[in-house]
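Data first, discussion second: the structure below is written as structure tokens.
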Amino acid sequence: MLCTEDPLVAQWRAEALAAEEGLLLIPSENASGFKYVHSRSKQYPRRFVARVTGGEHGSGVVLGTFPCRAQAALAVARFLGPARVNKEIDAFF
């Protein structure tokens, strides 16, 4: 599955889904724009990896690969849950 929609539309959709679940996407200053989301080579159709590191997760938990960065960020938010997401956002700002 490719990310065929505009990245801003994909982000809007992911943010809307997160809000319905009481979550937020965690911003970052990395290339993807989201914490725990990293990009792979453009040759991969599912080019964004969601990998949570630190805390009780030790060296990391790979949540999967996704065609859009916002989809990966949503997977991270769902995995971490509201309390940890809010803590991460507070630390960012």
> From the Cα gyration tensor of the chain, with a ≥ b ≥ c the square roots of its eigenvalues, which class applies: rounded if a/c is under 1.5, or else prolate if a/b is larger than b/c, or else oblate?
Replying inline: oblate
>> For Cα pairs less than 8 Å apart in space and 6+ apart in sequence, what is the mean separation divided by the residue count of the chain, i.e. the relative contact order in percent?
In response: 32 percent
> Which of these, F66, F79, F48, has the largest mean-square fluctuation under a Gaussian network model of the chain (Cα springs below 10 Å)?
Replying inline: F79
>> Give me the one-decimal nm value for the distance between modelled label points at E21 and K42, 7 Å along each residue's Cα-to-Cβ direction.
In response: 3.0 nm
> What percentage of the solvent-accessible surface of the chain, computed with a 1.4 Å probe over protein heavy atoms, is contributed by carbon and sulfur atoms?
Replying inline: 55 percent
>> Suppose each label sits 7 Å from its Cα in the direction of the beta carbon; what would the K87-L8 distance come out to in nanometres?
In response: 3.5 nm
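The values are calculated or read from the model by the stated rules, or taken from the named source; none is laboratory data. None of the values given here were measured: they were computed from a predicted structure. Heads up, the Cβs are rebuilt from the backbone with ideal geometry, glycines too, and the neighbour counts pull from every protein chain shown. The accessibility values were calculated without ligands, DNA or RNA, using every heavy atom of the protein model including side chains. Shrake-Rupley method; radii C 1.70, N 1.55, O 1.52, S 1.80 Å.
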